[in-house]
Amino acid sequence: MTETRTKKSSLLPVLITMLMITSAVAVGVRMTTPGEDKLQAMQEEWQTLTAEKEALTGEIQGLKAAVAEQKDLPQAIQRQKEEGFRQLGELEQKIKAGESTQKIAYLTFDDGPYDNTTEAILDVLKEKGVHATFFLRHRPDHVAQIRREIREGHTLANHSYSHKIKAVYQSADSCIREIRDQQEWLTETVGVTPQIYRFPGGSPTAGSKKQAIAAALAADGLGYVDWNCATGDGLPGALTTEKAYQNAIGSVGEQKIVVMLMHDYSTATLEALPEIIDTLKAEGYLLMPLFRESVMIRSA
Ligand SMILES: [Zn+2]
């Protein structure tokens, strides 16, 4: 320590002297060469600054383009999705016409999101590389899970605002109000406007009001979908994992296009899910998220 301090203090006068000499020389140079040289130096400095400015402007423009690209990304993903759905629509038509031996299964989860089970379902889907469809009700405390569903490429769909059967089906107007409130809430909260609706309890629950509701759905650009397979987790009574699996696979039968009804809240469905997915894959089903133009989506 002492040694360093000694060195520093002995260096200081030398530095000051050098600085004085440098300044004197600089002043001397400036004094002896006024005019042209000085102007040239200024010009050079100006040119350097201009080049630096241009480089920075170029850099800023590059950054701006990158930001614009980031902003365009959701639209780009949407465009890519739309192209995928267009091809899927063509495949469905071929399957329907008996021109393709391909099979498609749409896994659907209703009523969520729920604590724990929704996240665990998303984990399974992620691990299996499968995209599904989530029919959501108004769950303001579970926006994080909805955002994850979007991030991981699943389809968000409308399952009414309150999902309270009596309130929803009081009249056609109350049902339409519920649908529109939920559309608005999802659009405002997560920036996604669903194109698919599922009637709480299924479309027959709407009874004689169904036609008026379906017309309003169509006017709003929504199609609706029921289901042709289920794990049975929405039925009263306890459900075992084994039974959920048997119900699901048993209900598939020989159907070429499958919409599987499941619920986020069911641990039996959650536990049976990996095996359901594996079996469907082994049987040659493509597992896809639903889209507006699917033959399974009924438009009024
Ligand atoms: Zn439901």
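The values are calculated or read from the model by the stated rules, or taken from the named source; none is laboratory data. Predicted, not measured: the structure shown is a model, and the values here were computed from it. Backbone-built Cβ (ideal geometry, glycine too); neighbour counts: all protein chains shown. Just so you know, the surface numbers come from the protein's heavy atoms only, side chains and all, with ligands and any DNA or RNA stripped out. Shrake-Rupley method; radii C 1.70, N 1.55, O 1.52, S 1.80 Å.
Selection within the stretch 119-165: residues that are away from the ligand (no atom under 12 Å from the Cβ) and at positive phi. The member of this set that is least open to solvent (accessible area, probe 1.4 Å) is GLY153. The combined condition, being within 16 Å of the ligand (Cβ to nearest atom) and either under 21 Å from THR155 (Cβ atoms) or open to solvent by 40 Å² or more (accessible area, probe 1.4 Å) (or both), is fulfilled by LEU261. The condition of being under 22 Å from the mean Cα position of the chain (by Cα), under 25 Å from GLU254 (Cα atoms) and acidic (Asp, Glu) holds for only one of ASP115, ASP110, that being ASP110.
Considered as a group, the residues in the stretch 266-300 that are in contact with a Ser or Thr (Cβ under 6 Å, 6 or more places away or on another chain) and within 19 Å of PRO200 (Cβ to Cβ) include one that is surrounded by the fewest Cβ atoms within 10 Å (Cβ to Cβ), and that residue is LEU290.
Looking across THR189, THR205, one residue alone is of a type in the set (Val, Ile, Thr) and within 13 Å of the ligand (Cβ to nearest atom). It is THR205. Screening the candidates GLY237, GLY232 for the property of being modelled with pLDDT under 95, assigned to a loop (DSSP other than H, G, I, E, B) and not β-branched (Val, Ile, Thr) yields one hit, GLY237.
When PRO236 is tested against (1) surrounded by fewer than 22 Cβ atoms within 10 Å (Cβ to Cβ); (2) under 20 Å from ILE196 (Cβ atoms); (3) within 16 Å of the ligand (Cβ to nearest atom), exactly one condition is not met: (2). So, in the stretch 175-191, of the ones that are hydrophobic (A, V, I, L, M, F, W, C) and over 13 Å from LEU222 (Cβ atoms), which residue ends up farthest from the chain's Cα centre (by Cα)? Among those residues, the one meeting the criterion is TRP185. Being part of a helix (DSSP H, G or I), at pLDDT 85 or above and over 20 Å from LYS256 (Cα atoms) is a description that applies to GLU82.
Would you pick out the residues in the stretch 192-202 that are near the ligand (Cβ under 10 Å from one of its atoms) and crowded, with 19+ Cβ neighbours inside 10 Å? Correct list: ARG198, PHE199, PRO200.
Only one of the numbered conditions (1) over 15 Å from ALA132 (Cα atoms); (2) touching a helix residue (DSSP H, G or I) at 6+ places or on another chain (Cβ under 7 Å); (3) in contact (Cβ under 8 Å) with a residue 12 or more places away in the chain is violated by ILE257, and that is (1). Only residues that are open to solvent by 50 Å² or more (accessible area, probe 1.4 Å) and more than 16 Å from the ligand (Cβ to nearest atom) were counted across the stretch 89-118, and they come to 11.
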